[in-house]
1. Hey, with R₀ at 25 Å, roughly what FRET efficiency would Arg109 and Thr37 work out to, going by the Cβ-Cβ distance, to 0.05?
2. To make sure I understand, if each residue's beta carbon is the centre and we count other beta carbons within 10 Å, what order do Ile64, Ile11 fall in, fewest to most?
3. Stokes-Einstein D for region 2-89 at 25 °C, 0.890 mPa s, Kirkwood Rh over Cα pairs, in µm²/s?
4. Under a crude label model (7 Å from the Cα following the beta-carbon direction), how far is Thr102 from Lys61 in nanometres?
5. Can you give the net charge of the other residues whose Cβ lies under 10 Å from the Cβ of Arg77, counting K and R as +1 and D and E as -1?
6. Taking the Cα-to-Cβ direction at Glu120 and at Glu92 and moving 7 Å from each Cα, how far apart do the two end points lie in nm?
7. In nm, to one decimal, how far is the Val17 label point from the Glu79 one, both placed 7 Å along Cα→Cβ?
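Taken together, the values in this text are just the output of simple stated rules run on the coordinates, not laboratory data. The structure displayed is predicted, hence computed values, not measured ones. Every residue, glycine among them, receives a Cβ derived from its backbone with ideal geometry; neighbour counts consider all protein chains shown.
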Amino acid sequence: MLFRIPAGITILKEGEVNPELYKLISGNCEVYTGYGTERESILGILSKGAYFGEIGFFSGKPSIYTVVAYTDVMLERIETTEFQKYVTEHYEDMLALMKNMTESMYNLRFNMELMAKDAERNKRIVTADTQDISGDLDTQNSSGDKEAIGSTIRNNDAYLREQLKKYNLMGMKSITFYTAKG
């Protein structure tokens, strides 16, 4: 079934189970995690030929991302009852979709390893900083400078948040979405 969605409309919400698979016939959609929250991050832009909704469709699990129409879009909605017929008629697209899902899992594993390595490196940095802070805190505590203590802790918190953002952006570059030929 084909239908139009105007720009700005949320098509799929993170955390909700949606048993339908979608193919983008025209227009563009944005893919987010944490959409509408302080941890919102864009994962990518989908264009003509891209599929989404595979998590709920194939597993019955909640979506791990939100999809929002960036422009007016035309979508094809594929329901479970018509999937067998769809696979027969669009066999090559389904193989490419499965390949993309496999590549996404590989990229996720790769990014997790990078994050673990960086977390270990930052742990060493934070441990060294904590030792410095401890010395500062003892000095500042004796002088009663609670604002300086809070400032030191906020600065370290800001540093760690920036490191997490860096890896969030790396994830954006490495996550790929299937786009059909032609």
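1. E(calc), rounded to 0.05, equals 0.45.
2. In increasing order of surrounding Cβ atoms, one gets Ile64, Ile11.
3. For these conditions, the coefficient is 188 µm²/s.
4. 1.9
5. The answer is -3.
6. Label at Glu120, label at Glu92, 4.5 nm between them.
7. Here the modelled spin labels are 1.8 nm apart.
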